[in-house]
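Nothing in this text is a laboratory measurement; each read-out follows from the coordinates by a stated rule. Treat the numbers as computed from the prediction; the structure is a model and nothing was measured. Cβ sites come from the backbone with ideal geometry, for glycine too, and all protein chains shown count toward neighbours.
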Amino acid sequence: MPIIKFISNKLFWKQVAIATIIMGFLIFILFQWLRISTHHSQKIEVPDLSRQVLSDVKTTLDEMDLRYIVIDSASFNPNYPKRSVIRQSPKPGDIVKENRKIYLTLNPSSYRSVAIPEFYGKTRRNMETTLKAAGFEIGSNPTWVHDKGKDVVRGLKHRGKKIEEGDKLPKKSIIEFVLGDGNR
């Protein structure tokens, strides 16, 4: 019986009403603060930054109140200008809020350098496969030297200069073979 008497008391219901009003007011204030602090109504469309160099990207994003972070330099792509944007996240056209970071992947200034593998005494066919797998291109004009081994690699050249094992050349460099002619 004392609980029923307590619940039916007018003072109890006044306090419940006051607590409900205060909680409702606090929740209303909280939602208003969240709407303002999270820029709920603000929308910025991410621009297409591909093929732009970093100085142009900085200008574009500063005007839009956006930031950028360079996360990587990808493999060199000759179809894009040097040190230009190849990929970005978020993608162009996505909607973001101010001060959002745009993550960029840049095109390096050239192909990365690759070391020349061991080649002396190996067959032409074997070395073509090895060099292509390393990213080199094979020239179409081999030089022939007198040697008892037919199509055995006796040297490599790049732009007319002799190259040695361990030398580093940019990927996609054209390498010419110096091969044995099988006549000794």
Sparse-neighbourhood loop hits (chymotrypsin sites (Phe, Trp or Tyr not before Pro), the range 98-184; DSSP loop; Cβ within 10 Å at most 15 others) -> Tyr120
Calculating percent of Cα pairs over 26 Å apart from this structure picks out, from [x] 75; [y] 35; [z] 63, entry [z]
Restricting to aspartates and glutamates and to Cα separations under 13 Å from Lys132, and discarding same-chain partners fewer than 8 apart, the set is Glu176
Relative contact order in percent for the range 31-184 (Cα pairs under 8 Å, 6+ apart) equals 21
Ordered by number, the GluC sites (Glu not before Pro) in the range 74-169 that occupy a DSSP loop and have at most 12 other Cβ atoms within 10 Å are Glu98, Glu118, Glu164, Glu165
A correct Karplus calculation of ³J(HN,Hα) over the range 21-26, with 6.51 cos²θ - 1.76 cosθ + 1.60, θ = phi - 60°, whole Hz and x for Gly and Pro, returns 5, 5, 4, x, 5, 5
Taking every other residue with Cβ under 12 Å from the Cβ of Ser75 and scoring Lys and Arg +1, Asp and Glu -1, one gets +3
Note, Pro108: beta-carbon cut-off 11 Å, +1 each Lys/Arg, -1 each Asp/Glu, net +3
For the chain, percent of DSSP beta bridges that are antiparallel (nearest 5) comes out at 65
Yeah, the range 80-120 with a ≥ b ≥ c from its alpha-carbon gyration tensor (a/c under 1.5 is rounded, else prolate when a/b outruns b/c, oblate otherwise) is prolate
Pairs over 23 Å Cα to Cα, from Lys101/Lys171; Lys122/Lys161; Lys43/Lys91, come to Lys101/Lys171
Residue span Lys148 to Val16: 0.36 nm per residue of separation minus Cα-Cα distance leaves a gain in nm of 37.0 nm
Output for the range 20-81: trypsin sites (Lys or Arg not before Pro) sitting in coil per DSSP, at most 14 other Cβ within 10 Å, listed by number, reads Lys43, Arg51
Stokes-Einstein, Kirkwood over Cα pairs, the range 83-184, 37 °C, 0.692 mPa s; D in µm²/s equals 202
Looking only at aspartates and glutamates whose Cα falls under 14 Å of Lys58's and that sit 8 or more positions away or on another chain, we get Asp48
Counting Lys and Arg as +1 and Asp and Glu as -1 over every other residue whose Cβ sits under 13 Å from the Cβ of Pro117, the net charge comes to -2
So the FRET efficiency between Glu98 and Ser75, C-beta based with R0 = 35 Å and rounded to 0.05, is 0.60
